[in-house]
Amino acid sequence: MSSIKNLPTGTWAVDASHTEVGFVARHLMVTKVRGSFPEVSGTVTVAEDVTASTVDVTVGMASVDTRSADRDAHLRSADFFDVENYPTMRFVSTSFDGEELSGELTIKDVTKPVTFEVDFNGVQADPWGNTKAGFEAETEINRKDWGLAWNAAIEGGGVLVSEKIKIVLDVQLLKQA
């Protein structure tokens, strides 16, 4: 891992084609279902003191992709994301200590604090002269805290979908001129 202190100051845009906003949920309490949201945009403003940097990211909820059309349609419905009424999810940072990024996550007009564990993967120039930076981050939330409460009991005990959801980010940023 590179030192976060090597990250150039200024404004960076989320490079959506090289970024994954993913999630992992338990299904039937025995396996994991993974999904992602390909529609993501946002900016990171890196300050001289990297701990004063800010993040503002928006995710298009209708872009959810779990590799199952039926499941994706259910996730878009009022049972879960209700994308017709709440088309986006947003994260706005409140603090960064170099390893933990805290902020406010808004889903379905419910805003709650979350903290991501962050790994900085470095800065690199691409073959076209652009400066890119890479990060990985992870947190775990309880989906019920955001009103995502739908579930079904299963015959052998337990529920169809776990309450705890892991959010996994693999982010590439593009330095703005």
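All but one of (1) basic (Lys, Arg); (2) under 18 Å from PHE37 (Cβ atoms); (3) without any contact (Cβ under 8 Å) to a residue 40 or more places away in the chain hold for LYS166, so report the exception by its number.
Status for LYS166: all satisfied but (3).
Please work out which one of (1) within 18 Å of ILE167 (Cα to Cα); (2) of a type outside the set (Lys, Arg); (3) out of contact with any Asp or Glu (no Cβ under 9 Å at 6 or more places or on another chain); (4) surrounded by fewer than 17 Cβ atoms within 10 Å (Cβ to Cβ) is the condition GLU99 fails and give its number.
Result: GLU99 passes all but (3).
For segment 2-32, which residues satisfy the criterion of being in contact (Cβ under 8 Å) with a residue 60 or more places away in the chain, part of a helix (DSSP H, G or I) and closer than 21 Å to GLY60 by Cβ? Lay out the reasoning, then the answer.
If we filter segment 2-32 for residues that are in contact (Cβ under 8 Å) with a residue 60 or more places away in the chain, which is where we start, we get 2-4, 6-8, 10-15, 18-29.
Keeping just the survivors that are part of a helix (DSSP H, G or I) gives 4, 6, 18.
Across segment 2-32, the qualifying residue is only HIS18.
Can you find a residue that is within 15 Å of ILE167 (Cβ to Cβ), within 20 Å of the chain's Cα centre (by Cα), part of a strand (DSSP E or B) and among the β-branched types (Val, Ile, Thr) anywhere in segment 45-53? Walk me through how you get there before you give the answer.
Within segment 45-53, the subset within 15 Å of ILE167 (Cβ to Cβ) is none.
No, segment 45-53 contains no residue that is within 15 Å of ILE167 (Cβ to Cβ), within 20 Å of the chain's Cα centre (by Cα), part of a strand (DSSP E or B) and among the β-branched types (Val, Ile, Thr).
Across segment 134-177, which residue is nearest to ARG76 (Cα to Cα) among those that are out of contact with any helix residue (DSSP H, G or I) (no Cβ under 8 Å at 6 or more places or on another chain), among the small types (Gly, Ala, Ser) and outside any strand (DSSP E or B)?
The extreme case among them is GLY147.
Would you pick out the residues in segment 66-97 that are assigned to a loop (DSSP other than H, G, I, E, B) and aliphatic (A, V, I, L, M)? Spell out the reasoning first.
So in segment 66-97, the residues assigned to a loop (DSSP other than H, G, I, E, B) come out as 66-68, 77-87, 97.
ALA78, VAL83, listed by residue number.
Could you tell me how many of the residues in segment 73-86 are without any contact (Cβ under 8 Å) to a residue 12 or more places away in the chain and closer than 18 Å to LEU160 by Cα?
4
Read the figures in this text as sums done on the coordinates, not as results from a lab. Model, not experiment: these values are computed from the prediction. FYI the Cβ positions are ideal-geometry reconstructions off the backbone, even for glycines, and counts take in every protein chain you see.
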